[in-house]
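The values are calculated or read from the model by the stated rules, or taken from the named source; none is laboratory data. Small disclaimer: the values here were computed from a predicted structure and weren't measured. Positions of Cβ are generated from backbone atoms using ideal geometry, with glycine treated the same way; all protein chains shown enter the neighbour counts.
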Ligand code: MG
Ligand code: ZN
């Protein structure tokens, strides 16, 4: 007889243990880590820019830009005057907890309050790999369609927040935010939704006010 070794199960179990270590270390240092996920072109970087601008007077912010290659997003973020590091995943289509731990180490978070990880643009495996963040935020943009929760259920199941971006284009793309939300809530009743547009700025006041409250609650709890 031979052994059937469930490689994938093993990898994600090891990753989950590593992610817990990251979460504990960040709690210890009082650094609120946010894992920002979404498809390529969903508007992760532009959403990040508006979010950082709303938070940077209150918190010392760092950003880890994860990409398979290139540094275009890191350059854009650096212009905001926040601490940034570009992480090259070397062809990997997601960040895992170990890569995140190394990135946090290189960034040096001792002088930071909030760190955003802009994950690799992908709705599939970033959802499978917990990186140890205090908050998982996913972006669904209107052009992608309101059926995405049906096609990529895990992303909506694991995320704490769903940002429906490019909401100014919803009529053009026949995107129904209520349908998208109903489908996401079917998978994850606790998901917190916001409609916004990184282009016009609409919706950002509500999202960033909620985020500040969430960060404050986390900082004062146990
Ligand atoms: Mg980007
Ligand atoms: Zn991947």
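Going by what's in this entry, would residue 30 be described as on the phi > 0 side of the Ramachandran plot and over 15 Å from the mean Cα position of the chain (by Cα)? Working first, answer last.
Numbers: on the phi > 0 side of the Ramachandran plot: yes; over 15 Å from the mean Cα position of the chain (by Cα): yes.
Judged against the criteria, residue 30 is a match.
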The stretch 104-132, subset within 14 Å of residue 21 (Cβ to Cβ) and in a helix (DSSP H, G or I), residue nearest to ligand 2 (Cβ to nearest atom): 104
Residues that are more than 16 Å from the chain's Cα centre (by Cα) and either more than 16 Å from ligand 2 (Cβ to nearest atom) or assigned to a helix (DSSP H, G or I) (or both), drawn from the stretch 86-103: 98, 102
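Counting only residues that are within 17 Å of the chain's Cα centre (by Cα), give me the helices (runs of 4 or more DSSP H) lying completely in the stretch 143-191 with at least 3 of them.
On the way: elements: 148-151, 153-158, 177-187.
Correct list: 153-158.
Any idea how many residues of the stretch 136-151 are crowded, with 19+ Cβ neighbours inside 10 Å and either touching a residue at least 40 places away in the same chain (Cβ under 8 Å) or farther than 20 Å from residue 204 by Cα (or both)?
Our first condition is that a residue be crowded, with 19+ Cβ neighbours inside 10 Å; within the stretch 136-151, this holds for 136-142, 144, 146, 148-149.
Next, only the ones that are either touching a residue at least 40 places away in the same chain (Cβ under 8 Å) or farther than 20 Å from residue 204 by Cα (or both) stay: 136-141, 144, 146, 148-149.
The number of residues fulfilling the criteria is 10.
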Sole residue being within 16 Å of ligand 1 (Cβ to nearest atom), touching a helix residue (DSSP H, G or I) at 6+ places or on another chain (Cβ under 8 Å) and over 20 Å from residue 221 (Cα atoms), chosen from 124, 63, 131: 63
Those residues of the stretch 64-84 which are in a strand (DSSP E or B) and under 16 Å from the mean Cα position of the chain (by Cα), in sequence order: 64, 65, 66, 67, 84
Residues satisfying the stated conditions in the stretch 53-66, i.e. in contact (Cβ under 8 Å) with a residue 24 or more places away in the chain and either farther than 14 Å from residue 118 by Cα or within 16 Å of ligand 2 (Cβ to nearest atom) (or both): 53, 54, 55, 56, 58, 59, 60, 66
Number of positions in the stretch 68-92 that are under 20 Å from residue 22 (Cβ atoms) and either within 12 Å of ligand 1 (Cβ to nearest atom) or at pLDDT 90 or above (or both): 6
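If you take the residues of the stretch 1-52 that are assigned to a strand (DSSP E or B) and away from ligand 2 (no atom under 16 Å from the Cβ), which of them is surrounded by the most Cβ atoms within 10 Å (Cβ to Cβ)?
Just the residues of the stretch 1-52 that are assigned to a strand (DSSP E or B), to begin with: 32-38.
Keeping just the survivors that are away from ligand 2 (no atom under 16 Å from the Cβ) gives 32-34.
Working: 32: 23, 33: 25, 34: 22.
Restricting to residues being assigned to a strand (DSSP E or B) and away from ligand 2 (no atom under 16 Å from the Cβ), the top hit is 33.
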Condition broken by residue 69, with the remaining ones in (1) touching a strand residue (DSSP E or B) at 6+ places or on another chain (Cβ under 8 Å); (2) within 26 Å of residue 25 (Cα to Cα); (3) within 16 Å of ligand 2 (Cβ to nearest atom) satisfied: (2)
